[in-house]
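Right, one structure below, let's go through it.
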Number of protein chains: 2
Amino acid sequence: MIRNTRQRAAVNAVFDELEGFHSAQEVHARMRAAGDTIGLSTVYRAVQALVDDGELDSIRTDAGEAIYRRCSARHHHHLVCRACGRTEEVEGPTVERWADRVAGEHGFVDVKHTLEIFGTCAACHATAAPTPVDGPARQG
Amino acid sequence: MIRNTRQRAAVNAVFDELEGFHSAQEVHARMRAAGDTIGLSTVYRAVQALVDDGELDSIRTDAGEAIYRRCSARHHHHLVCRACGRTEEVEGPTVERWADRVAGEHGFVDVKHTLEIFGTCAACHATAAPTPVDGPARQG
DNA sequence: GGGGCATGTGAGAACTGTTGTCGACTGACC
DNA sequence: GGTCAGTCGACAACAGTTCTCACATGCCCC
Ligand SMILES: [Mn+2]
Ligand SMILES: [Mn+2]
Ligand SMILES: [Zn+2]
Ligand SMILES: [Zn+2]
């Protein structure tokens, strides 16, 4: 049985205050800095549980780190500024249908997909680029 | 200046004989097993150089491991069977236009994207599922 | 065909993110 | 309150990747 614990609730609460994507390690550091006592393993277990519950969405940086964000319930994708890290949720039936169709044409069933879009947001394009964030290694 | 070395050529050659995606560690093990003497660090450096040159395409498994494949020059995406790991290259203007359009609508410039499709291929769907391969953690 | 030397190599150490271990703890249920 | 499976967290272990640095070797120039 899944039990309600202070730690799980606290991790969940952190994502109420946080915009955008954050790693388990960062969440752990923030909680510790705020006086919360919680183990790193517990943070990892909590974010994974939250992803399983659909509370958080997770993507992986180009460096291989998993980052998490409070996620709206609707299926969507992310548009990420590679300069400032700002993310927008984007969605649309076009790409959903395309993915299902090409998979079906190849005889694949039980189809899911991952899609992330990287670019430079208008603000960052206007000014000089601040601290960069990893985009994809190669356009794929 | 970039120098031509036996090791770099050998890593490149490995991908001529190999279908699908393979990790740096696997390539290293194959080369060692075949009697090639090469260091793991060198394999990592070689595949990275090949990705930079556009000779290889790289994606990251859900477990965070980078895997590499000889890549056709045309822009495309991958349709991966989560049961047997078989991959198909898929492409189409629909999804390209969609990604560029939604990014443009949000004021983003210099846009790239990553897209992978996961499913069960017809062969694996017909038989019982063999050794599974990771798909995405969550449909995104 | 040699020097000279910047570039590349590779064994091993180090580093990163993540997961496993296991004794202590505690929320849920009675 | 008592029971006990689920949970915690310090720590170790692990996997993939990158760094270090002494040694080797392509490449340019003669
Ligand atoms: Mn989608
Ligand atoms: Mn594309
Ligand atoms: Zn930006
Ligand atoms: Zn298959």
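The values are calculated or read from the model by the stated rules, or taken from the named source; none is laboratory data. Predicted, not measured: the structure shown is a model, and the values here were computed from it. Cβ sites come from the backbone with ideal geometry, for glycine too, and all protein chains shown count toward neighbours. Protein only, heavy atoms only, side chains kept; ligands, DNA and RNA dropped before computing areas. Shrake-Rupley method; radii C 1.70, N 1.55, O 1.52, S 1.80 Å.
Between the listed residues B:50, B:83, B:72, the Cα displaced farthest toward the positive end of the dipole of chain B, a dipole computed from Cβ unit charges relative to the Cα centre, is found at B:50.
Find how many whole Å separate the alpha carbon centroid of region A:7-55 from the alpha carbon centroid of region B:43-63. Taking the Cα centre of region A:7-55 as reference, the centre of region B:43-63 is 32 Å away. When accessible surface is computed with a 1.4 Å probe, chains A and B are found to bury approximately 4500 Å² between them, both chains counted. Expressed as a whole percent, the accessible area of the protein assembly as shown that falls on carbon and sulfur atoms is 49 (1.4 Å probe).
Considering only B:40, B:1, B:28, the residue lying farthest towards the positive end of the dipole of region B:1-47 is B:1, judged by Cα position with unit charges set on Cβ.
Quick one: among A:80, A:109, A:27, which has the greatest mean-square fluctuation in a GNM of chain A with alpha-carbon springs under 10 angstrom? Taking springs between Cα atoms under 10 Å, the residue moving most is A:109. Remark: relative contact order (chain A) = 21 percent; criterion is Cα-Cα distance under 8 angstrom and separation of 6 or more residues. The mean number of partner chain beta-carbon atoms within 10 angstrom of a residue's beta-carbon across peptide B:118-126 is 5.
Rounded, prolate or oblate: which fits the protein assembly as shown, taking a ≥ b ≥ c as square roots of the Cα gyration tensor eigenvalues, rounded meaning a/c under 1.5, else prolate when a/b beats b/c? Rounded, because the longest to shortest axis ratio a/c is under 1.5. For chain B, a Gaussian network of Cα nodes joined below 10 Å ranks B:99, B:73, B:46 by mean-square fluctuation, and the top entry is B:99.
Extension gain, residue B:76 to residue B:125, is 15.2 nm, computed as 0.36 nm per intervening residue step minus the present C-alpha separation.
Say a site is exposed when it is one of the GluC sites (Glu not before Pro), sits in a DSSP loop, and has at most 14 other Cβ atoms within 10 Å; what is then the longest site-free stretch of chain A? Formally, the longest exposed-site-free interval is A:20-90. When only DSSP loop residues count, what trypsin sites (Lys or Arg not before Pro) in region A:22-116 have their Cβ near at most 10 other Cβ atoms within 10 Å? Taking region A:22-116 and a limit of 10 other Cβ atoms within 10 Å, the loop trypsin sites (Lys or Arg not before Pro) found are A:74.
Surface analysis of the protein assembly as shown yields an accessible area of 53 Å² per residue, using protein heavy atoms and a 1.4 Å probe. These residues, A:53, B:100, go from largest to smallest accessible area, 1.4 Å probe, as A:53, B:100.
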